[in-house]
Amino acid sequence: IGNIMNNCRRIASALALACISFSLCAQNVSVRGGSSTFVYEPRYFAQLWGEGVTPVMPVGTVKIGWEDYRESPYAVSCLRPEYGVAFSYDPIGFIPAVNGPGCGSIYGAYAYFDRPLVRTRRFSLEYSGGLGLGFVFRNLYVPVTNPWQVVISIPVNARICLGGQMKYMITDKYFVGLGVYLNHCSNGLVHLDNYGYNGIEVGLILGMKDVDGRESVPYDRKFGRHPYDDGFRRGFVFDAYAS
């Protein structure tokens with residue numbers, strides 16, 4: 001038992017160091033929290049939450065990413081896209097059901113790609129896509145004890161997120177914006193019963209960028225470079241999202 005405990009401590013220490021190293025290398029850290037509503041589905045909404053009821057719930061997302069500041073043709077043509085990983089929380093488990101225990105909350109972990117379509121010194125219009133996994137640990141579909149919960153039936157599912165967002169730099173560091181996101185989680189009917197979760201999220205974005213003091217500026221086509229020419233920039237950029 002002592003050896004097992006020592007090995008567990010070593011693994012925990014290694015994971016902690018890996019997380020610290022990972023976070024110190026991140027450029028962008030985003031936190032989005034707010035409200036999401038379901039896409040109405042009469043096949044199961046009435047028996048699960050009541051006739052004509054469309055549940056609304058708070059949601060939260062944390063994004064850790066890197067902007068591509070290289071001078072490659074790809075990075076320049078895509079207006080400095082951002083890549084990273086995201087962690088989401090959809091607390092469906094807090095929505096009271098009219099039959100049975102209801103659904104379990106969804107925890108998501110996925111890779112994302114944010115690509116600006118228009119970017120000026122102050123304004124950015126971009127789309128966002130994400131693909132990964134969604135995890136549900138309780139209140140799954142069970143034919144005997146929870147037959148009305150036909151949304152998700154297995155613990156591990158596919159997680160897809162698509163959306164668009166606008167950002168405006170009110171100072172060289174701080175910005176405000178607005179985003180609309182479509183969130184989907186299901187197992188693709190690999191295991192029934194499973195209609196999947198479809199949510200529409202509207203978010204107000206408040207954030208902070210470039211904590212190292214440099215301005216967020218577009219590629220300078222006249223001189224063929226950014227005012228700073230250092231490829232992938234080091235240091236944190238923190239974004240806070242509220243919706």
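Inter-label distance, A109 to I95: 2.5 nm, where each label sits 7 Å from its Cα along the C-beta direction.
Please list, by residue number, every one of the chymotrypsin sites (Phe, Trp or Tyr not before Pro) in region 125-217 that is coil in DSSP and has at most 13 other beta-carbon atoms within 10 Å. Each step should come with its number before you reach the end.
Values: sites: Y127, F135, F137, Y141, W148, Y168, Y174, F175, Y181, Y195, Y197; in loops: F137, Y141, W148, Y195.
Of the chymotrypsin sites (Phe, Trp or Tyr not before Pro), the ones in loops of region 125-217 whose Cβ has at most 13 other Cβ atoms within 10 Å are F137.
Taking all protein chains together, H191, H184 sort by accessible area into H191, H184, largest first [probe 1.4 Å].
The H on the amide N of N187, modeled in the peptide plane, is under 5 Å from the matching H of A158, each at least 5 residues off or on a different chain. Less than 14 Å Cβ to Cβ from V59, Lys/Arg counted +1 and Asp/Glu -1: what total charge do the surrounding residues give? Summing Lys and Arg as +1 and Asp and Glu as -1 gives +1. Using alpha carbons only, the radius of gyration of region 75-178 set against its Kirkwood radius gives Rg/Rh = 1.16. Placing a label point 7 Å from the Cα of V85 along the Cα-to-Cβ line, no residue of region 168-195 has its backbone N under 16 Å from it. Between S77 and L125, the simple spin-label model (points 7 angstrom out along Cα→Cβ) gives 2.1 nm. Gyration tensor over the Cα atoms of region 34-133: the corresponding equivalent ellipsoid has semi-axes (square roots of 5 times the eigenvalues, largest first) of 38, 14, 10 Å.
The values are calculated or read from the model by the stated rules, or taken from the named source; none is laboratory data. Not measured: the values here are computed from a predicted model. All Cβ positions, even for glycine, are placed from backbone atoms using ideal geometry, and neighbour counts span all protein chains on display. The area values use the complete protein model at the heavy-atom level, side chains included, leaving out ligands, DNA and RNA. Shrake-Rupley method; radii C 1.70, N 1.55, O 1.52, S 1.80 Å.
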